[in-house]
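Take a look at the structure below.
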Amino acid sequence: MEKRLAVFPGTFDPPTLGHFDIITRAHRLFDEVLVAVANNPSKHTLISLEDRIAMMQAATQDLKRVRVEGFTGLLVDFLRERHARVLVRGVRTVADYDYEIQLTGMYRTMMPELEIVMFPTSGNLSFISSTLVREVIIHQGDVGQFVPAPIAEMIRLKFLHRKA
């Protein structure tokens, strides 16, 4: 029987508790979850690709069937290279859902065999976005309530110029 591989892609700049919520829920449903950290030149990330991969690896280290890889280029090419036919997406708001529906149409046109599973973020996490967490980082604030503990520590060491 073929393993059920699901790919959860994103920029993850930085990875948040909302992302981790989606990963742990997908982990319960699929044999393996591949977290695909995007190197997207159109997005000006605060955190390097290498650091985002390391952060995601640290946050998911206890989830034995989760692996993390970085990628550049079209997501559908990455999916084909990994023989993945399930794409996991998280939605926080109606605006996210509208955007994801547009992406779904594009992805399914480019890769008809692809199945897309959308997880609504758990209600208590729906306000957290990477954009808002980046703002907290830029202004030297504590992100511990918004990201997994290993990521908070990595951010503190790399970006915050004050002692804890």
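The values are calculated or read from the model by the stated rules, or taken from the named source; none is laboratory data. Note that this is a predicted model, so its numbers are computed, not measured. Methodologically, a virtual Cβ is constructed for each residue, glycine included, from the backbone with ideal geometry; neighbour enumeration extends over all protein chains shown. Note: areas computed on protein heavy atoms with side chains; ligands, DNA, RNA excluded. Shrake-Rupley method; radii C 1.70, N 1.55, O 1.52, S 1.80 Å.
Open to solvent by less than 30 Å² (accessible area, probe 1.4 Å) and closer than 22 Å to GLN145 by Cβ, is that true of ALA59? Before you say what the answer is, go through the steps one by one.
Numbers: open to solvent by less than 30 Å² (accessible area, probe 1.4 Å): yes; closer than 22 Å to GLN145 by Cβ: yes.
Answer is yes for this residue.
Take ILE47 and tell me if it is closer than 20 Å to VAL143 by Cβ, more than 11 Å from the chain's Cα centre (by Cα) and surrounded by 20 or more Cβ atoms within 10 Å (Cβ to Cβ). Don't jump to the end; show me each part of the working.
Working: closer than 20 Å to VAL143 by Cβ: yes; more than 11 Å from the chain's Cα centre (by Cα): yes; surrounded by 20 or more Cβ atoms within 10 Å (Cβ to Cβ): yes.
It is true that ILE47 is closer than 20 Å to VAL143 by Cβ, more than 11 Å from the chain's Cα centre (by Cα) and surrounded by 20 or more Cβ atoms within 10 Å (Cβ to Cβ).
Tally up the residues in the stretch 1-26 that are at pLDDT 95 or above and either out of contact with any helix residue (DSSP H, G or I) (no Cβ under 9 Å at 6 or more places or on another chain) or not in a helix (DSSP H, G or I) (or both), please.
Going residue by residue through the stretch 1-26, those that are at pLDDT 95 or above are 5-26.
Of the ones still in play, those that are also either out of contact with any helix residue (DSSP H, G or I) (no Cβ under 9 Å at 6 or more places or on another chain) or not in a helix (DSSP H, G or I) (or both) are 5-16, 22, 25-26.
Summing the residues that are at pLDDT 95 or above and either out of contact with any helix residue (DSSP H, G or I) (no Cβ under 9 Å at 6 or more places or on another chain) or not in a helix (DSSP H, G or I) (or both) in the stretch 1-26 gives 15.
What about ARG85, is it more than 23 Å from GLU135 (Cα to Cα), open to solvent by 70 Å² or more (accessible area, probe 1.4 Å), within 16 Å of the chain's Cα centre (by Cα) and among the charged types (D, E, K, R)?
Criteria not met by ARG85.
Can you run down the residue pairs with Cβ atoms below 6 Å, 6 or more apart or on separate chains, where the first is in the stretch 27-42 and in a loop (DSSP other than H, G, I, E, B) and the partner is surrounded by 16 or more Cβ atoms within 10 Å (Cβ to Cβ) and hydrophobic (A, V, I, L, M, F, W, C)?
Matching pairs, first to second residue: PHE30/ALA6; ASN39/LEU49.
Are any of the residues in the stretch 130-137 closer than 18 Å to ARG25 by Cα and either in contact with a Phe, Trp or Tyr (Cβ under 6 Å, 6 or more places away or on another chain) or open to solvent by less than 80 Å² (accessible area, probe 1.4 Å) (or both)? I'd like the intermediate steps shown before the answer.
Residues of the stretch 130-137 closer than 18 Å to ARG25 by Cα: none.
No, the conditions are met nowhere in the stretch 130-137.
Could you go through the stretch 3-23 and let me know if any residue there is among the polar types (S, T, N, Q), open to solvent by less than 30 Å² (accessible area, probe 1.4 Å) and under 24 Å from ILE155 (Cβ atoms). I'd like the intermediate steps shown before the answer.
Of the residues in the stretch 3-23, the ones among the polar types (S, T, N, Q) are 11, 16.
Next, from what is left, pick out any that are open to solvent by less than 30 Å² (accessible area, probe 1.4 Å): 11, 16.
Filter once more, so that each one left must be under 24 Å from ILE155 (Cβ atoms): 11, 16.
Yes, that holds for at least one residue.
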